[in-house]
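Notes for the one structure printed next.
The values are calculated or read from the model by the stated rules, or taken from the named source; none is laboratory data. Just so it is clear, the model here is predicted, and its values are computed rather than measured. Methodologically, a virtual Cβ is constructed for each residue, glycine included, from the backbone with ideal geometry; neighbour enumeration extends over all protein chains shown.
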Amino acid sequence: FFNPPVILVPEVLKMRLAARFTDKQQVNSLVDSLIKAGFDRKDMVITDLEKEHRRDSADEIADEVAFIKTETDSLWSDASFADEFPSLKGKRGTVVTVEMPKRHAARVRQMMKDAGADEIIQD
């Protein structure tokens, strides 16, 4: 019997695209388009830049009713998700971030443009 060589397939390379919108209807349109295209809601993070606020102390962080820890946060960090994208600092609107395999990036970028994104950032 012939045993073929083992071929190791690398993990799917993932990337993130973030789109900033000033109109909430455009955000809804993008999310609907992404879901219809087969993307899962768990692969998206939606952040309202105007509602993101910094807390002054660890006590304020601990007092938050709903504190969601992201993969880059520590429990006592006051950084926001949008801080991961320095070009968004001081801007207004809503950011939709999508994590996907690199091979889907062009399609997602086009959906973001079609939905009316003011800015698209590749991470």
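Overview of results
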read-out	value
Hits in segment 20-38 (condition: of a type in the set (Gly, Ala, Ser) and either part of a loop (DSSP other than H, G, I, E, B) or under 12 Å from Thr97 (Cβ atoms) (or both))	Ala37, Gly38
Residues within segment 23-61 that are at pLDDT below 90, within 14 Å of Arg92 (Cβ to Cβ) and over 13 Å from the mean Cα position of the chain (by Cα), tallied	4
Pro10 over 24 Å from Leu88 (Cβ atoms), at pLDDT 60 or above and either crowded, with 16+ Cβ neighbours inside 10 Å or not β-branched (Val, Ile, Thr) (or both)	no
